[in-house]
Amino acid sequence: MTYRRGIIFAIGLVLTIVALTTASAQAPAGPQGQAKGGGGRGGAPAYTPAAGAKDLKAVLFNWAWYMGMLRSSEEYDLIMSLEYQGKGTMQVDGQPCNVTKYRTSISYQTSGERIQYTGTRPNGQACSNVEVLSGTYAWNEDIPGAELVAGKGKATPMPATVEERMIRLWASPQGAFKAAFAGTSDPPPMTPRPQRLPADVMTVGKTSVAWEGNKPVLTFPIPGVPNAIATATLNDKFMAERVVVKQGAKTYDFTYSNYKDWNNPLNPAEAFYAGRMIEKQNGAVVRDITTTLTETAQMYVVMPVPASVKAAIKPTIQPPNWTLASNAPAAPATQTAAVVTPRLADGHPDMTGNWGGPPLAITGSGTRRCGPTQVPGGGINPEVGCKTGQDNFWVDYEWISPSRFGPSRPNYKPEFWDKIQDLDAWTNKEDPVMTCQPLGVPREGTPARIIQTATDIIFFYTTSDYGGGNMEFRDIPTDGRARPNTVEAYYMGLSIGKWEGDTLVIDSTNFVDTTWFGRGGLFHSADLHIIEKLTRKGDEILYQMTIEDPDVLIEPWVMPDKILRLRAGAPQVIHERAFCEVYEQGNISTQLRH
């Protein structure tokens, strides 16, 4: 397709993100180096354990707080995916292997992990593998993403390794905290807030804490693995130094040391990971890995299960059934007895009105209070240190942006996985919004105002993508006319609509290939094809979207259904575009992801 550039506009200053809430001012440091105040809901003081508190709530909070897992002004555990690299030694088929490459890609949302390692045995023979866990499925790959694209690679089912791999995932430095918190409720929350637990108790649900000298020791079940009980011993900084998992006659023993922020120096995040990890099984060392690099802030990580693996394995256990209320599937739009669906003279439902979209998966802003590791003059930005929550805004946005957080995300072909991560790593220069381009569809979100006539329907958009974007509109014909025969491309695509009963179906093609689906490097090709369906019943619209892009995706991306609700009052649409200016593109020296 040829490229036609429209009028350039954007969100004002390109590095300015609109915070959804305002955190209260920071107060002097409280117990254990934590700031008092700020971070609470509705301006209430944030939870801060008393010095020396030994109850389960205090221990779990400190564990996640010192590890840098609690993000946004709401202080949720928002580490959902991460990338890890290391080197060391491990046992492969009962023989030692000197590993020069050890890469772990983790998705806690999908209970998945892909471990790639390459090395040599003492006799010089190569030893390499790709071990994958996704929910209750385990398999090995000869290349990452084997069999997801027909004819590329071989996936070998490994049903006997499911429980071992699940134990390794949920006994990991961050996974152990998640497993411990999961034991406090059934079903467990995807984004836990330890401060919600009852105070002054040592046991909640199946998780308990005891103290051995000055060290807290927590006991909890491994999610999804029957009869697997973990015992985690924390050090003086509330970081796991040892996790022992007993499952029948098997004992898994993980020791962790040298915690620090192992992220690339261009993107420090103060999310801590162990620098050395030793795993023993029944007393024998099977892995001894030294960390070289991490990326802890919501990297693109997926583990689609190949069809051959699904056919070969009959799951016998259940992975964690994480809950997130605002991400629950939308129920079909229903018409109440008191509200009749308005219609035009032609009988079609009238979509005209001001519409409020569904709530964000994560509430709160990036203005998190200063953490316990952020000493004055240090922290994420040593030049600034951490004096107020705004000092944490820039890095926390990496965790809370909706498209990175998910949990719904497109399944790209494996050949593009590293490209997406690289685009995301350099998002401050690669994201098209940084060069004042419109967001496009679907990144604009759902329409804030709709005007409908007998021949067309107009969508107006307002600020979306957690602060990015501005007023845009689409005029979509609905009178049966054909799509113009053109190769020109547009930011919002070239759309035509048709009615199928009471459902308006919008078919869009002719997109420019420079926009992203969302933050996180989620690019697309010029052959992007989008189908939207809108069904109004009463004061609700059921909004559905399917995205097809066979050039880069292995399957259509069916986005979660959304319910739009009619809003009273005057139209809430910005009436003109904001000023935008591209500057300092040649001086970008960090990978801080907006």
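The values are calculated or read from the model by the stated rules, or taken from the named source; none is laboratory data. Nothing here was measured: the structure is a model prediction, and the numbers come from that model. Cβ coordinates were reconstructed from backbone atoms using ideal geometry, including for glycine residues, and neighbour counts include every protein chain displayed. SASA here: full protein model, heavy atoms, side chains in, ligands and nucleic acids out. Shrake-Rupley method; radii C 1.70, N 1.55, O 1.52, S 1.80 Å.
Tabulated data for the structure shown
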item: Residue that is surrounded by the most Cβ atoms within 10 Å (Cβ to Cβ), among those in the stretch 399-441 that are basic (Lys, Arg) and more than 16 Å from residue 81 (Cα to Cα); result: 413
item: Residues (in a loop (DSSP other than H, G, I, E, B) and open to solvent by 30 Å² or more (accessible area, probe 1.4 Å)) located in the stretch 254-271; result: 258, 259, 261, 262, 264, 265, 266, 268
item: Selection count where residues are on the phi < 0 side of the Ramachandran plot and either outside any strand (DSSP E or B) or of a type in the set (Asp, Glu) (or both), scope the stretch 76-126; result: 13
item: Subset tally (residues that are out of contact with any Cys (no Cβ under 7 Å at 6 or more places or on another chain), open to solvent by 10 Å² or more (accessible area, probe 1.4 Å) and either part of a helix (DSSP H, G or I) or modelled with pLDDT under 75 (or both)) for the stretch 372-390; result: 10
item: Tally, over the stretch 70-113, of residues that are of a type in the set (Lys, Arg), under 23 Å from the mean Cα position of the chain (by Cα) and open to solvent by 10 Å² or more (accessible area, probe 1.4 Å); result: 1
item: Residue count for the stretch 232-253, restricted to those that are part of a loop (DSSP other than H, G, I, E, B) and open to solvent by less than 70 Å² (accessible area, probe 1.4 Å); result: 3
item: Pair list, Cβ under 8 Å, 6 or more apart: the stretch 482-511 residue over 16 Å from residue 458 (Cα atoms), other residue of a type in the set (D, E, K, R) and open to solvent by less than 60 Å² (accessible area, probe 1.4 Å); result: 483/507; 502/536
item: Number of the condition not met by residue 527 [criteria: (1) assigned to a strand (DSSP E or B); (2) at pLDDT 95 or above]; result: (1)
item: Scan of the stretch 189-220 for residues that are hydrophobic (A, V, I, L, M, F, W, C) and either part of a loop (DSSP other than H, G, I, E, B) or open to solvent by less than 60 Å² (accessible area, probe 1.4 Å) (or both), ordered by number; result: 190, 197, 199, 201, 202, 204, 209, 210, 217, 218, 220
item: The listed residue being of a type outside the set (A, V, I, L, M, F, W, C), closer than 24 Å to residue 504 by Cβ and within 20 Å of the chain's Cα centre (by Cα), out of 438, 414, 442; result: 442
item: Whichever residue in the stretch 221-231 is of a type outside the set (Val, Ile, Thr) and surrounded by 14 or more Cβ atoms within 10 Å (Cβ to Cβ) and, among such residues, is modelled with the lowest pLDDT; result: 224
item: Flag if residue 67 is closer than 27 Å to residue 363 by Cβ, open to solvent by less than 10 Å² (accessible area, probe 1.4 Å) and at pLDDT 95 or above; result: yes
item: Failed condition for residue 483, given (1) more than 26 Å from the chain's Cα centre (by Cα); (2) closer than 16 Å to residue 441 by Cβ; (3) buried (at least 21 other Cβ atoms within 10 Å of the Cβ); result: (3)
item: Unmet criterion (only one of (1) modelled with pLDDT under 95; (2) open to solvent by 10 Å² or more (accessible area, probe 1.4 Å)) for residue 396; result: (2)
item: Sole exception among (1) in contact with a Ser or Thr (Cβ under 8 Å, 6 or more places away or on another chain); (2) on the phi > 0 side of the Ramachandran plot for residue 208, by number; result: (2)
item: Criterion violated by residue 146 - all others in (1) surrounded by fewer than 17 Cβ atoms within 10 Å (Cβ to Cβ); (2) part of a loop (DSSP other than H, G, I, E, B) satisfied; result: (1)
item: Qualifying residue in the stretch 259-269 (condition: more than 30 Å from residue 426 (Cα to Cα), at pLDDT 95 or above and not small (Gly, Ala, Ser)); result: no
item: Verdict on residue 42 being outside any helix (DSSP H, G or I) and either modelled with pLDDT under 95 or surrounded by 23 or more Cβ atoms within 10 Å (Cβ to Cβ) (or both); result: no
item: Tabulated pairs, the stretch 68-79, first within 15 Å of residue 374 (Cβ to Cβ), second assigned to a strand (DSSP E or B), C-beta under 8 angstrom, 6+ apart or interchain; result: 69/77; 70/76; 70/77; 71/77
item: Residue 160, sole failed condition from (1) small (Gly, Ala, Ser); (2) open to solvent by less than 40 Å² (accessible area, probe 1.4 Å); (3) closer than 18 Å to residue 91 by Cβ; result: (2)
item: Residue check, residue 500 within 29 Å of the chain's Cα centre (by Cα), more than 22 Å from residue 420 (Cβ to Cβ) and among the acidic types (Asp, Glu); result: no
item: Test set (1) modelled with pLDDT of 95 or more; (2) in contact with a Phe, Trp or Tyr (Cβ under 9 Å, 6 or more places away or on another chain); (3) buried (at least 22 other Cβ atoms within 10 Å of the Cβ) - residue 297 fails condition number; result: (1)
item: Given (1) open to solvent by less than 50 Å² (accessible area, probe 1.4 Å); (2) modelled with pLDDT under 90; (3) over 25 Å from the mean Cα position of the chain (by Cα), index of the condition residue 354 fails; result: (2)
item: Answer from 337, 333 - the residue that is open to solvent by less than 20 Å² (accessible area, probe 1.4 Å), over 19 Å from residue 104 (Cα atoms) and modelled with pLDDT under 90; result: 333
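The rows are residues; the columns are (1) free of Cβ contacts under 8 Å to residues at least 60 places away in the same chain; (2) under 21 Å from residue 239 (Cβ atoms); (3) touching a strand residue (DSSP E or B) at 6+ places or on another chain (Cβ under 7 Å).
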| residue | (1), (2), (3) |
| --- | --- |
| 169 | no, yes, yes |
| 189 | no, no, yes |
| 205 | yes, no, no |
| 216 | no, yes, yes |
| 220 | yes, yes, yes |
